[in-house]
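Asks: Just passing along the structure, written as structure tokens.
Nothing in this text is a laboratory measurement; each read-out follows from the coordinates by a stated rule. None of the values given here were measured: they were computed from a predicted structure. Backbone-built Cβ (ideal geometry, glycine too); neighbour counts: all protein chains shown.
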Amino acid sequence: MIKIVNGVARHPLWRMAEPINLEINRGEQIAIVGDNAAGKSRLVEVLTGHYPLLLNEVQYDFPPGSSRLVSENLKYISFRDSYGEQDGTYYYQQRWNQHDIPEDMPTVRESLPRPLPGRGEWLKLFSPLLEGLGEARIISLSSGELRKFQMAKALATNPRVLILDNPFIGLDAQTRKDFRDLLETLTRETGLLVILVLSKRDDIPDFITHVLPVEGLRLLPKMTLAEYRRQYAAVPKPVLDDEVSRWITELPVRDLSASDFYPREGGEILRFRNVSIRYGERTILKPLDWTVHEGERWALSGRNGSGKSTLLSLVCADNPQAYACNIELFGHRRGTGESIWQIKRHIGYVSPEMHRAYLKDIPAIDVVASGLSDSVGLYVRPRPEQKQICLDWMRVFGVEALADRSFLQLSSGEQRLCLLARAFVKDPELLILDEPLHGLDDRNRCLVRQIIELFCKRPHKTLVMVTHYQEELPPCITHSLML
């Protein structure tokens with residue numbers, strides 16, 4: 001169905017290290033697998049025709065449909081698409097500032113394309129995954145809900161080839177299973193060719209027949225799924241570098257005795273009393289009582305749309321509804337004269353919403369440095385002493401060499417590592433990590449988990465972490481809350 005012979009992209013910045021030779025046959029289901037920055041997205045951009053080739057163009061065969069147009073037969077949902085369309089109007093916190101959302105902004109139901117004649121069955125199969133979302137406005141969806149919506153939009157057009165970049169991240173365990181089952185049904189009953197781009201090897205579904213490994217901007221020979229699993233079954237888990245480990249553990253302990261916005265040692269970091277959030281007729285967060293003390297490490301879990309990110313937006317002073325709720329942060333009731341900056345001074349934060357807001361053409365080190373001033377959208381080149389702090393944390397997360405590269409030129413995994421460095425850069429007392437390992441390969445997932453564990457063993461450190469993968473939680477977790 002798709003064939004490339006000695007494919008070389010026209011633009012040097014788009015090229016793989018070697019010419020691409022690839023043939024995907026009818027009946028095959030494909031997983032493109034590789035580490036962060038290995039070249040997976042670059043390969044897909046060639047497959048979709050976005051990166052034109054020098055001599056030999058990509059050959060497509062799309063039976064049994066009548067249309068030969070690539071745009072009608074092939075749909076690609078990239079990592080960035082899954083976070084929402086970048087129309088230039090989106091800003092961080094917009095999801096929680098409902099009064100800023102135009103009344104004519106379309107709902108999920110209004111935004112789904114009308115299926116072409118005879119093409120509605122696919123969307124009907126997907127509709128159970130969108131249950132309860134029909135009247136929700138797109139901007140108010142959680143990252144997992146938004147991912148499901150983008151997939152439904154693609155399936156509504158009944159494509160012959162569907163390419164999905166890390167489709168399972170951000171989805172709860174049940175939704176991941178339901179979506180895998182749906183894709184398997186479509187491949188079996190409709191002849192759909194599915195190409196999954198995956199950073200996490202364990203996410204490869206059983207209906208995949210062949211794997212395309214990508215390493216160092218090289219496409220390796222296609223192999224069966226069974227061959228791939230045998231070859232990569234014994235990949236050793238990486239261990240954090242001793243020098244990096246010592247650097248984290250030997251960081252100086254901040255003197256908090258003079259801080260007027262931090263509780264005494266062992267005190268309450270946050271307290272919620274009967275806190276709930278509603279937007280119109282939609283309940284986002286049901287009444288909740290919750291107390292977190294200094295030194296506790298919490299795992300926050302729940303199905304997509306259960307209110308996890310909304311809860312964290314209240315903690316991070318990003319949600320204006322916090323002023324109407326009975327919330328105490330660092331021993332102070334919200335709305336009693338404190339500034340946002342007093343709250344954020346002690347918090348390091350990363351989330352899918354933040355990743356979406358940071359898709360800017362600026363040097364990666366400026367993104368990291370913005371964590372020192374808690375700014376999103378205001379970027380200032382760091383002073384020399386600040387630059388060294390930023391570089392130190394970028395070295396911890398393995399992205400120091402990317403400091404001067406444009407953030408938009410980085411792979412999604414590299415971007416996430418930079419945002420993690422941003423969360424840690426001011427050595428915060430409260431670390432809030434909302435699905436921090438999105439888009440990371442197996443190696444980086446393991447290393448970041450070790451970094452979180454080491455960091456949280458230091459004095460005065462409190463953690464709240466959201467993930468839909470239990471194995472991503474560090475061993476230091478002491479408490480859990482399910483919404």
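Asks: Once both axes come from the Cα atoms, what is the angle between helix 173-190 and the longest principal axis of the chain, in degrees from 0 to 90, rounded to 10?
Replies: 10
Asks: Obtain the nm distance between the two label points defined at GLU184 and ASP61 by a simple spin-label model: each point lies 7 Å from its Cα along the Cα-to-C-beta direction.
Replies: Here the answer is 2.8 nm between the modelled labels.
Asks: Hey, fewest Cβ within 10 Å first, where do LYS177, LYS148 land in order? Can you show the working numbers first?
Replies: Values: LYS177 13, LYS148 25.
Going from least to most buried by this count: LYS177, LYS148.
Asks: Oh, and also: When all alpha-carbon pairs of region 242-482 are counted, what percent fall beyond 29 Å?
Replies: 26
Asks: With each run of n ≥ 4 DSSP H residues scored as -39500 (n - 2.57), what mean residue ellipticity at 222 nm is computed for the chain after dividing by its residue count and rounding to the nearest 500 deg cm²/dmol?
Replies: One gets -8000 deg cm²/dmol as the mean residue ellipticity at 222 nm.
Asks: Where Lys and Arg each count +1 and Asp and Glu each count -1, what net charge lies around MET1 among other residues with Cβ under 10 Å from its Cβ?
Replies: Residues close to MET1 contribute a combined charge of 0.
Asks: Next question. Add +1 for every Lys or Arg and -1 for every Asp or Glu among the other residues with Cβ under 12 Å from the Cβ of CYS325, and state the total.
Replies: Net local charge, CYS325 excluded: +3.
Asks: Once Rh for region 1-73 is found with the Kirkwood sum over Cα pairs, what is the Stokes-Einstein diffusion coefficient at 25 °C and 0.890 mPa s, in µm²/s?
Replies: 187
Asks: Quick one: which residues, 5 or more positions from SER301 or on another chain, have an amide H under 5 Å from its amide H? H modelled 1.01 Å from N in the peptide plane, none for Pro or chain starts.
Replies: Residues meeting the amide H criterion: LEU481, MET482, LEU483.
Asks: Around VAL197, which amide H atoms from residues at least 5 apart in sequence, or from another chain, sit under 5 Å from its own amide H, with H modelled in the peptide plane?
Replies: For VAL197, the qualifying residues are ILE32, LEU164, ASP165, ASN166.
Asks: List, largest first, the extents of the alpha carbons of region 158-251 along their principal axes, each in whole Å.
Replies: Principal extents (Cα only, largest first): 58, 32, 22 Å.
Asks: Once phi is turned into θ = phi - 60°, what whole-Hz ³J(HN,Hα) does the Karplus curve with 6.51, -1.76 and 1.60 give for every residue of region 300-313, x standing for Gly and Pro?
Replies: With the stated coefficients, region 300-313 comes to 9, 9, x, 5, 4, x, 7, x, 4, 5, 5, 4, 5, 5 Hz.
Asks: Relative to the longest principal axis of the chain, what angle (0 to 90°, nearest 10) does the C-alpha long axis of helix 442-456 take?
Replies: 0
Asks: Sort ARG422, ARG264, ARG273 so the one with the fewest other Cβ atoms within 10 Å of its own Cβ comes first.
Replies: Placing the least packed residue first, the sequence is ARG264, ARG273, ARG422.
Asks: Another question, then. With the contact rule set at Cα under 8 Å and sequence spacing of 6 or more, what percent relative contact order holds for region 242-482? Mind showing how you got there, number by number?
Replies: Details: 402 pairs, mean separation 60.0, N = 241.
That works out to 25 percent.
Asks: Quick check on the chain: of the DSSP beta bridges with both residues there, what percent are antiparallel, nearest 5%?
Replies: 45
Asks: Considering Cα pairs under 8 angstrom that are at least six residues apart, work out the relative contact order of the chain and quote it in whole percent.
Replies: 18
Asks: Let me ask you something else. Just grab the label-to-label distance for GLN231 and GLU45, each label 7 Å out from Cα along the Cβ direction, in nm (one decimal).
Replies: 2.5
Asks: A further question follows. For region 351-458, just say rounded, prolate or oblate: build the C-alpha gyration tensor, square-root its eigenvalues into a ≥ b ≥ c, call rounded for a/c under 1.5, and beyond that prolate if a/b exceeds b/c, oblate if not.
Replies: Details: a/c = 1.43, a/b = 1.18, b/c = 1.21.
It is rounded, given that a/c, with a ≥ b ≥ c, falls under 1.5.
Asks: Report the extension gain between ASN21 and LYS3 in nm, rounded to one decimal, defined as 0.36 nm multiplied by the number of residues separating them, less their alpha carbon distance.
Replies: 5.7 nm
Asks: Right, another one. For the pairs LYS286/LYS344; LYS40/LYS457; LYS40/LYS360; LYS148/LYS461; LYS200/LYS461; LYS75/LYS200, flag any whose C-alpha to C-alpha distance is greater than 32 Å.
Replies: Beyond 32 Å between Cα atoms: LYS40/LYS457; LYS148/LYS461.
Asks: So how do TYR349, TYR323 line up by other beta-carbon neighbours within 10 Å, fewest first?
Replies: TYR323, TYR349
Asks: TYR51's amide H: which non-local residues (gap 5+, or another chain) put their own amide H closer than 5 Å, with H modeled 1.01 Å from N in plane and none for Pro or chain starts?
Replies: Long-range HN contacts for TYR51: VAL46.
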